[in-house]
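Asks: Starting off with a structure, shown below.
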Amino acid sequence: MSGALGLIRDFFVSLKLTVALLALGIVLIFWATLAQTDLGVWGVHEKFFHSILIFAAIPGTALQVPIFPGGYLIGGFLLVNLVAAHLSRFRLGWKKAGIWLTHTGLILLLLGELLSGLWQEDFDTSLDGGQTKNYAESERYNEVAITDATDPKFDDVVAIPESVIAANEAVQHPRLPFRVVPRLYYPNASLEMRRDAAGAPPSPATQGMGSQISVTPLAITSKEEERNIPAASLELIAPEGSLGTWLVSPDLGMPQHFSYGGRDWKISMRFQRRYLPFSLTLLKFSHDIYPGTDIPKNFSSKVRVNAADGSGREVLIYMNNPMRSAGLTFYQKSFANEDRTTVLQVVRNPSWLMPYIACTMMALGLVLQFGQHLAAFGRRRRGAAAAPAEARP
Amino acid sequence: MDSFRKVVTFGSLALILAGCRESKVSFYRVPKEQDPTLAASAPDNSAQAGPAAGGSMSDTAVPTAAGPSLTWSAPATWTAKPATAMRKGSYAVPGAGGEAGDLSITAFPGAVGGLIANVNRWRGQVQLPPLADADLAAAVTTVPENGLQVTVVDFSAPGGAKRILGAIVPFGDSCWFFKLTGSSALITSAKPGFLDFLKTIKASGQAAAEPSSAAPAPAGGAAMADTAVPTSSGAGLAWTAPSGWTAKPASAMRKGSYALAGAGGDAGDLSITAFPGDVGGLLANVNRWRGQVQLPPLGDAELAGAVTSPSQGGLQLTLVDAASPDGSKRILGAIVPLGDSTWFFKLTGTDALVASSKPAFVAFLRTVRPAGP
């Protein structure tokens with residue numbers, strides 16, 4: 001191996017690197033735990049763990065500089081370090097099978113965390129008693145939905161993620177006969193009837209209800225119990241010219257209708273939706289309390305899962321007993337509306353099995369490793385006991 | 001060392017992948033949906049909602065009080081905010097300089113620790129030391145209003161940055177909290193309005209017992225939404241919906257919202273909205289609805305022939321009935337100017353549904369009357 005590659009290998013297989021990375025990891029977790037007070041759990045995830053580097057502004061300037069390795073960098077290096085050290089130090093063989101299993105389990109655990117970070121999606125769906133829904137809504141992300149509602153049986157929806165609007169990118173989608181051009185975007189805002197907001201600047205909206213509403217930008221919140229409610233002004237531009245500008249925000253609560261090209265359209269900004277391959281009907285939500293107290297004992301939702309082919313089955317979802325279906329996991333999360341509405345958390349994580357497999361492998365590996373040692377120790381003791389007396393000290 | 005190169009390549013790939021969460025515009029077809037109501041789209045804890053009465057209570061799922069509720073009439077200058085799972089009512093109370101106070105109305109089962117605990121919780125929120133039992137009577141004012149015992153407190157943080165003007169109202173098996181939070185200056189200016197507002201609080205049974213003299217209600221009529229919603233102009237309308245209609249939660253935009261069941265399982269949507277001014281005038285409003293069912297706009301001269309304009313109880317209604325050429329969508333609506341705002345009662349559904357619901361809708365319109373005594 002050439003000198004340079006040899007140096008790199010020595011760096012990556014070094015046990016000192018392992019210790020340094022673990023120390024950095026401890027600092028990162030401690031720092032992130034403290035930062036959760038200001039940033040909230042999602043903010044900490046994004047800034048500390050789902051990042052290559054952690055940036056901070058130089059005091060007095062807006063210049064952002066990296067100051068610490070992020071979770072992906074530390075985890076990535078740890079992974080490379082572990083695999084490299086493994087390949088360069090250990091040889092295949094029964095005697096090392098326990099170590100192999102344990103380390104492979106650890107590698108899987110690290111990979112599983114990486115894949116969860118990349119792939120996991122969290123949604124909520126709230127159902128009133130008797131209500132049927134075929135979608136869940138994101139806890140954090142929003143989208144602009146432009147719907148061709150002409151057909152009486154179905155809606156054709158073009159969903160534009162909020163991040164596209166935030167990036168001020170015009171959207172020309174083959175399903176839309178017009179371009180969607182963001183004119184204004186606030187990541188968090190409050191809406192007020194214009195009449196109640198004396199001195200509000202003129203509205204950029206020329207169509208729909210936006211012209212009667214004034215928008216006040218608010219500071220972005222990262223508190224766990226709060227949610228940013230964005231607002232945006234979108235101009236729709238058809239080949240023959242502008243159709244007007246609409247104000248959209250999840251706070252408006254309903255889509256705005258317009259007609260263009262002989263078709264019925266709806267435009268709205270809403271919580272990002274994930275449509276399910278089936279629909280759910282809430283049959284009964286139960287909130288049991290310990291008798292004579294207000295202390296909750298159990299929350300459960302009896303739902304019917306209605307498949308596309310018309311068949312259905314009943315499922316009881318309760319704490320620590322989620323429903324798994326079509327790659328989605330439905331957890332009992334919360335309730336509202338005086339116990340009439342249930343809130344289910346819907347999680348999609350294709351790598352959800354990896355931690356289970358990893359932990360099983362690690363446990364087996366450790367049992368094997370220590371079992372081998374125990375067996376060898378036992379053999380040595382028996383050997384020592386059988387040895388002739390003169391051979392003893 | 002081949003295996004080492006593979007490791008480095010794999011590790012780098014994993015790191016690169018980490019930066020690849022991309023957002024794309026997507027397209028999909030879904031079964032027809034009714035326009036959502038706010039209940040489906042508003043978070044229980046929107047960023048705009050301040051802490052509910054009881055501070056830390058808002059962080060945990062606690063049961064709010066069920067059973068009979070209180071009603072009230074908010075002054076026209078207050079802006080209703082969407083109610084949440086925790087809040088029975090929520091208003092922005094304007095002050096000078098664009099500042100707005102936050103009025104939360106919450107209710108919890110039981111006595112919530114008793115009066116002294118509730119008063120001291122609010123005191124803690126404005127950095128005041130807790131009161132002893134003996135000092136409680138001097139720190140609060142208890143007045144009877146409409147048969148309710150309303151305990152009013154007014155605490156200001158040292159320095160006046162935050163002040164809480166609140167009322168605690170035991171009612172039935174639960175305890176109701178009316179809590180106005182803002183700066184000291186704002187509370188000073190809002191206090192007379194808040195005290196007047198407290199006088200309007202009464203048990204919902206009282207409101208329901210009031211005779212609706214304006215119009216005969218359809219048999220089995222359900223009382224109107226239990227919160228009196230101020231319109232943008234100050235005056236409001238009240239109505240009595242038939243019991244067969246399902247009330248949906250009102251939203252920031254909707255004063256009232258109902259689902260009407262049709263024969264084949266399809267549902268119509270009745271929205272009741274109000275906007276300041278004439279919203280472009282009668283012709284523009286009629287043509288907007290016509291546009292929504294693919295009908296060409298009317299000219300000024302054709303307007304009178306396309307609508308009917310009955311008057312009742314001092315209100316001038318304009319009835320619009322427009323269906324799309326293929327019968328898939330029909331709008332039956334009434335436009336009602338009231339003071340300097342305009343109210344819209346709009347029933348949307350299939351042609352068949354609207355046709356079958358029309359008699360009930362027309363009877364319902366006869367119950368529409370100006371709100372208040």
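The values are calculated or read from the model by the stated rules, or taken from the named source; none is laboratory data. Fair warning: this is a prediction, and the values are worked out from it, not measured in the lab. Every residue, glycine among them, receives a Cβ derived from its backbone with ideal geometry; neighbour counts consider all protein chains shown. To get the accessible areas, we keep the full protein, side chains included, count just its heavy atoms, and leave off ligands, DNA and RNA. Shrake-Rupley method; radii C 1.70, N 1.55, O 1.52, S 1.80 Å.
Asks: Cα centroid distance between the range B:136-171 and the range A:134-163, in Å?
Replies: Distance between centres, Cα-based: 46 Å.
Asks: Quick check for you: with a 1.4 Å probe and neighbouring chains kept, what is the accessible area per residue of the range A:109-228, in Å²?
Replies: Normalised by residue count, the accessible surface of the range A:109-228 is 45 Å².
Asks: Sticking with this one: What FRET efficiency comes out for A:E169 versus A:I220 if R0 is 22 angstrom and r is the Cβ-Cβ distance? Round to the nearest 0.05.
Replies: In this case the efficiency is close to 0.65.
Asks: A follow-up question, please. For the protein assembly as shown, with only Lys/Arg (+1) and Asp/Glu (-1) charged at the beta-carbon, what is the dipole magnitude about the Cα centre, in debye rounded to 20?
Replies: Dipole size: approximately 2680 debye.
Asks: Which order do you get for A:K16, B:K202 if you rank them by accessible area with a 1.4 Å probe, largest at the top?
Replies: Of A:K16, B:K202, the descending order of accessible area is A:K16, B:K202.
Asks: May I pose another question? For A:252-261, what's the mean count of beta carbons from other chains sitting within 10 Å of each residue's beta carbon?
Replies: Mean number of neighbouring Cβ atoms from other chains: 6.
Asks: Just to be sure I understand the rule: take each whole DSSP H helix in chain A, project its Cα atoms onto its long axis, keep it if the span is 27 Å or more and its mean Kyte-Doolittle hydropathy is at least -1.0. Which ones pass?
Replies: For chain A, where a helix must reach 27 Å along its axis and average at least -1.0, the hits are A:15-44, A:97-119, A:354-386.
Asks: May I pose another question? Which of the residues in the range A:69-98 lose at least 50 Å² of accessible area when you go from the chain alone to all protein chains together (probe 1.4 Å)?
Replies: Residues losing area: A:V80, A:L87.
Asks: Still on this structure, please answer the following. Between the range A:240-303 and the range B:259-288, what is the separation of their alpha carbon centroids in Å?
Replies: 20 Å
Asks: Looking only at A:V13, A:V248, A:V367, which one moves most when chain A is put into a Gaussian network model with springs between Cα atoms under 10 Å?
Replies: With Cα springs under 10 Å in chain A, the top fluctuation among A:V13, A:V248, A:V367 is at A:V367.
Asks: How do B:D326, A:D288 stack up against each other in accessible area, from largest to smallest, with a 1.4 angstrom probe?
Replies: Descending accessible area places them as B:D326, A:D288.
Asks: Where is the GNM fluctuation largest for chain A (alpha-carbon springs, 10 angstrom cutoff): A:R195, A:R313, A:R381?
Replies: Taking springs between Cα atoms under 10 Å, the residue moving most is A:R381.
Asks: Could you tell me the accessible area of A:Y135 in Å² (1.4 Å probe, neighbours in place), rounded to the nearest ten?
Replies: Accessible area, nearest 10 Å²: 20 Å².
Asks: When N counts the residues of the protein assembly as shown, how does its alpha-carbon radius of gyration compare numerically with 2.2 N^0.38 Å, as a ratio?
Replies: So the Cα radius of gyration is 1.15 times the expected 2.2 N^0.38 Å.
Asks: Please pull out the direction-averaged projected area of the range A:35-180, using the convex hull of its alpha-carbon atoms, in nm² to one decimal place.
Replies: Its average projected convex-hull area is 17.2 nm².
Asks: Given a 1.4 Å probe and no ligands, DNA or RNA in the count, how much accessible surface is buried by B and A, both sides, to the nearest 100 Å²?
Replies: Approximately 6100 Å² gets buried when B meets A.
Asks: For A:S311 and A:Q131, calculate 0.36 nm times their separation in residues minus their Cα-Cα distance, and state this gained length in nm to one decimal.
Replies: 63.1 nm
Asks: Here's something else I'd like to know. Which value results when the Cα radius of gyration for chain A is divided by 2.2 N^0.38 Å?
Replies: So the Cα radius of gyration is 1.35 times the expected 2.2 N^0.38 Å.
Asks: Please tell me which of these pairs span more than 27 angstrom C-alpha to C-alpha: A:K133/A:K333; A:K153/B:K81; A:K266/B:K81; A:K333/B:K199; B:K24/B:K255; B:K202/B:K248?
Replies: From the list (A:K133/A:K333; A:K153/B:K81; A:K266/B:K81; A:K333/B:K199; B:K24/B:K255; B:K202/B:K248), the Cα-Cα distance tops 27 Å for A:K153/B:K81; A:K333/B:K199; B:K24/B:K255.
Asks: With each run of n ≥ 4 DSSP H residues scored as -39500 (n - 2.57), what mean residue ellipticity at 222 nm is computed for chain A after dividing by its residue count and rounding to the nearest 500 deg cm²/dmol?
Replies: -10500 deg cm²/dmol
Asks: For the range A:137-274, go through all pairs of different Cα atoms, get the mean of 1/r, take its inverse, and jot down that Kirkwood value in Å.
Replies: 15.4 Å
Asks: I've got another one for you. Probe radius 1.4 Å, ligands and nucleic acids ignored: give me the carbon and sulfur share of the accessible area of the protein assembly as shown as a rounded percent.
Replies: 61 percent
Asks: So what are the three principal axis dimensions of the range A:336-384 from its Cα atoms, in whole Å, longest to shortest?
Replies: Taking the Cα atoms of the range A:336-384, the three principal extents are 75, 25, 6 Å.
Asks: Based on alpha-carbon centroids, what's the gap between the range A:38-87 and the range B:305-373 in Å, whole number please?
Replies: So the separation of the two Cα centres works out to 60 Å.
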